[in-house]
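*Asks:* Before we start, here is the structure in question, set down as structure tokens.
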Amino acid sequence: MKTIDQISFSGKKALVRVDFNVPLDGDYKITDDSRITAALPTIKKILNDGGAVILMSHLGRPKDGPTDKYSLKHIVAHLSDLLGQQVEFADDCIGEQATQKAAELEKGEVLLLENLRFYKEEEKGDKDFAEKLSKLGDVYVNDAFGTAHRAHASTAVIAQFFPEAKYFGYLMAAELDNAEKVLNNAARPFTAIMGGAKVSDKIQLIESLLEKVDNLIIGGGMAYTFVKAQGGEIGTSLLEADKLDLANELVEKAKAKGVNLILPTDCIVADKFDNNAQTAVSPNNTIKSDWMGLDIGPESREAFAKVIEESKTVLWNGPMGVFEMESFDKGTKAVADSVVKATENGAFTLIGGGDSAAAVTKFGLSNEVSYMSTGGGALLEYMEGKELPGVKAINE
Ligand code: AMP
């Protein structure tokens, strides 16, 4: 793997694609800076070598060009604090000012460019736009795992302008190493835990995991489509009616492969989608007609815990219930606790980004698991066996 450990940045200007797409509150305060802190080791290595750093990122999904709400200027102060030095800011990612600021950058200094997505060319993967960006630095570093599954100008297309000077940053390297460890080097038993709202988002992942795992636990909203497919009554729980046959096919495939597919047997039902709803414990397959399952129940928590805690490799993607509401977060919390116990027992535990990472963070357990991925979609695509454009662009 071509990582930044293979070069010295002394006297060089590194153009580093990072994923600073952090959540901001109404006062533009960063509510979770983990994506920024994850990129610090790469930035520091370049500075310590005697190089200069030009950071480029997107923030949010601006529709019509520059918008104050999506300006990366909102993160300059916090980034400066984290680095212990003032970070320069260019209020456009290309053009005269960016060119001048990049040219004047001295070794040891950091420049942050304005939101790349203020240009439609970024997401279109426009080659001219990528070339303009490329002129700002001598070396290209990709450390944005969260967008590695996109063939955007700054994540993939730009790499062709650095045929001899393109590298993975430390975050990218760690993400890829950890994903590999799970995909191709898993100690057994290997258990995957899938949750979240929809089966349709995760069909390919489930299919590819059936080739690898010993146990596949399915919880969250997606479990009800499986329960219904097997003849259960699921009330008004989440259902993807067009995926019933597929659910049965996956169950059959698991049997054929000798994979232990584990569905919840009970759930917490509610009379409405509300934290203050009336709740009860119900078997998963006899839910009353106008009630909905919003979390796994106590029997399922226990059954899942047993399997997870006996595993040597665990991959978790997706919450077990509506964990954002306190009344329905116990299943997700129980799974998080079991993953922590498995880690303590010596298992390698990888938390897929997105909602599972948010849940582990919410429960204060982020330091108690082996690795928390910063990439939701990117990790899923990698696990599905797809080649990520951001990875390919550096490797080829
Ligand atoms: P995903 O983005 O597919 O991983 O889904 C995550 C979302 O699924 C979270 O916002 C959860 O609140 C939601 N979710 C999990 N379980 C359920 C459920 N039983 N009913 C409705 N939504 C759920």
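*Asks:* From the Cα trace of region 110-167, what convex hull volume per residue do you get, rounded to a whole Å³? Don't skip to the end; give the middle numbers.
*Replies:* Numbers: hull volume 5.0 nm³, N = 58.
Expressed per residue, the convex hull around the Cα atoms of region 110-167 is 86 Å³.
*Asks:* Sticking with this structure for a sec: For region 276-301 and region 306-361, what is the separation of their C-alpha centers, rounded to whole Å?
*Replies:* 20 Å
*Asks:* Roughly speaking, to the nearest percent, how much of region 99-209's 1.4 Å accessible area is carbon and sulfur?
*Replies:* 44 percent
*Asks:* Can you list the lysines whose alpha carbon sits under 19 Å from that of Lys228, skipping same-chain ones fewer than 8 residues off?
*Replies:* Filter leaves Lys198, Lys202, Lys243, Lys253, Lys255, Lys288.
*Asks:* In whole Å, what is the distance between the alpha-carbon centres of region 87-105 and region 28-61?
*Replies:* Centre-to-centre (Cα) distance: 16 Å.
*Asks:* When DSSP assigns beta bridges and you keep just the ones with both residues in region 245-396, what percent turn out antiparallel, to the nearest 5?
*Replies:* 60 percent
*Asks:* What does the accessible area per residue of region 92-147 come to in Å², with a 1.4 Å probe and no ligands, DNA or RNA counted? Don't skip to the answer; put the middle values down first.
*Replies:* Values: 2480 Å² over 56 residues.
Per-residue value: 44 Å².
*Asks:* Could you tell me the center-to-center distance, by alpha carbons, between region 188-253 and region 138-174 in angstrom?
*Replies:* Taking the Cα centre of each part, region 188-253 and region 138-174 sit 34 Å apart.
*Asks:* Given the pairs Lys312/Lys341; Lys69/Lys333; Lys272/Lys362; Lys29/Lys73, which span a C-alpha to C-alpha distance of over 22 angstrom in this model?
*Replies:* Lys69/Lys333; Lys272/Lys362
*Asks:* Could you give me D for region 1-122, from Stokes-Einstein at 4 °C and 1.567 mPa s, where the hydrodynamic radius is the Kirkwood radius over C-alpha pairs? Units µm² s⁻¹, please.
*Replies:* This corresponds to a translational diffusion coefficient of 88 µm²/s.
*Asks:* For the chain, what is the convex hull volume of the alpha-carbon atoms per residue, in Å³?
*Replies:* Normalising the Cα hull of the chain by residue number yields 143 Å³.
*Asks:* In region 247-396, carbon and sulfur make up what percent of the accessible area (probe 1.4 Å)?
*Replies:* 48 percent
*Asks:* Hey, another quick one. When the Karplus curve 6.51 cos²θ - 1.76 cosθ + 1.60 is applied with θ = phi - 60°, which whole-Hz ³J(HN,Hα) does each residue of region 233-246 get, with x for Gly and Pro?
*Replies:* Listing the rounded values in order: 9, 10, x, 9, 4, 3, 9, 10, 4, 7, 10, 5, 5, 4 Hz.
*Asks:* For the chain, what is the calculated [θ] at 222 nm in deg cm²/dmol (nearest 500), taking -39500 (n - 2.57) for each run of four or more DSSP H residues and dividing by its residue count?
*Replies:* Roughly -10500 deg cm²/dmol at 222 nm, from the helical runs in the chain.
*Asks:* Counting heavy atoms of the protein chains only and a 1.4 Å probe, report the per residue accessible area for region 186-383 as a whole number of Å².
*Replies:* Accessible surface, normalised per residue, equals 41 Å².
The values are calculated or read from the model by the stated rules, or taken from the named source; none is laboratory data. Values in this document were obtained by computation on a predicted structure and should not be read as measured data. Keep in mind that these areas ignore ligands, DNA and RNA; they rest on the heavy atoms of the full protein, side chains included. Shrake-Rupley method; radii C 1.70, N 1.55, O 1.52, S 1.80 Å.
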